[in-house]
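Some notes on the structure that comes next.
The values are calculated or read from the model by the stated rules, or taken from the named source; none is laboratory data. Quick caveat: nothing in here was measured; it's all calculated off a predicted structure. Counting neighbours? That spans all protein chains shown, and the Cβs are built from the backbone with ideal geometry, glycine included.
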Ligand SMILES: NC(=O)c1ccc[n+]([C@@H]2O[C@H](COP(=O)([O-])OP(=O)(O)OC[C@H]3O[C@@H](n4cnc5c(N)ncnc54)[C@H](OP(=O)(O)O)[C@@H]3O)[C@@H](O)[C@H]2O)c1
């Protein structure tokens, strides 16, 4: 088969959680451009409408599901809806997550710790269990977890260590489940992004205008990632081009971890 054909996703159906903005919408668009039908989730009706319109430009079927994945009940309900209305799912991108808080550990309220664990880890477990688990009898599937370089190094400019903890755990969850599911034809990999210019970071930069330049100084390429720059990697991991890769956590960070 010609090499570029290995990247085609025609006939595949993908679920991208948090696929309305930032890295999520760019990955969803890339999958659709590569030929996949896509289902995107988010909390906000207006974000879902705008994403559906943007993604429809790729000419594939696009569906949206409104859901809040911050609670296990919300994540479970979303998975049940997707399984009953849109099965079978071939590709799952567990993209929802975020730091959201900036407490030093000695001041971190337990409820905030738990909230960030549920947002970054518990929902990824539930989606993997339910949506990924349904791939096993079909002997084919792709699970892609969006981890972070924060799973490898502590952020110097930011507190809220629940985030680092969850992303490290998500990387190890990726590897362990990959081992379990390899005999079933379902690959499980993770992407560990460095700092990309998404709404989540724009919010921090608005609060702390000096932060962007501080972060840029720590990146050998000297700039933040453009969200579109994650797209090729997502298509690779979602496609047959990555058929022999499982349990990998791939860093994409402009060289940030090199220094
Ligand atoms: N940006 C970076 O520099 C960076 C670096 C490393 C890792 N990451 C990881 O990459 C992923 C995406 O980050 P991003 O910066 O693209 O985020 P973002 O710009 O904040 O977008 C997050 C997406 O998730 C949805 N979402 C947020 N909270 C949700 C919830 N509770 N339930 C359901 N949907 C929710 C949002 O839609 P609604 O607001 O409409 O719900 C949006 O579509 C996260 O896991 C993050 O930790 C990002």
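Restricting attention to segment 51-62, which residues are outside any helix (DSSP H, G or I) and either within 12 Å of the ligand (Cβ to nearest atom) or over 17 Å from residue 17 (Cβ atoms) (or both)? Residues satisfying the conditions are 57, 58, 59, 60, 61.
Any residue that is touching a strand residue (DSSP E or B) at 6+ places or on another chain (Cβ under 8 Å), at pLDDT 95 or above, crowded, with 21+ Cβ neighbours inside 10 Å and assigned to a loop (DSSP other than H, G, I, E, B) - is there at least one of those in segment 128-138? No. Within segment 160-193, track down each residue that is out of contact with any helix residue (DSSP H, G or I) (no Cβ under 6 Å at 6 or more places or on another chain) and over 21 Å from residue 122 (Cα atoms). Matches in segment 160-193: 182, 183, 185.
Of all residues in segment 63-75, those satisfying the criterion of being touching a helix residue (DSSP H, G or I) at 6+ places or on another chain (Cβ under 6 Å) and either within 8 Å of the ligand (Cβ to nearest atom) or part of a helix (DSSP H, G or I) (or both) are 67, 68, 69, 70, 72, 75. Here 106, 112 are screened, and the one residue that is surrounded by 14 or more Cβ atoms within 10 Å (Cβ to Cβ), more than 9 Å from the ligand (Cβ to nearest atom), outside any loop (DSSP other than H, G, I, E, B) and over 20 Å from the mean Cα position of the chain (by Cα) is 112. Would you confirm, using the coordinates I've provided, whether residue 159 is over 14 Å from the mean Cα position of the chain (by Cα), touching a residue at least 24 places away in the same chain (Cβ under 8 Å) and within 14 Å of the ligand (Cβ to nearest atom)? No, not satisfied.
For segment 17-50, a tally of residues being outside any helix (DSSP H, G or I) and within 9 Å of the ligand (Cβ to nearest atom) returns 10.
Residues checked against (1) crowded, with 20+ Cβ neighbours inside 10 Å; (2) in contact with a strand residue (DSSP E or B) (Cβ under 7 Å, 6 or more places away or on another chain):
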residue: 202; (1), (2): no, no
residue: 218; (1), (2): no, no
residue: 246; (1), (2): yes, yes
residue: 257; (1), (2): no, yes
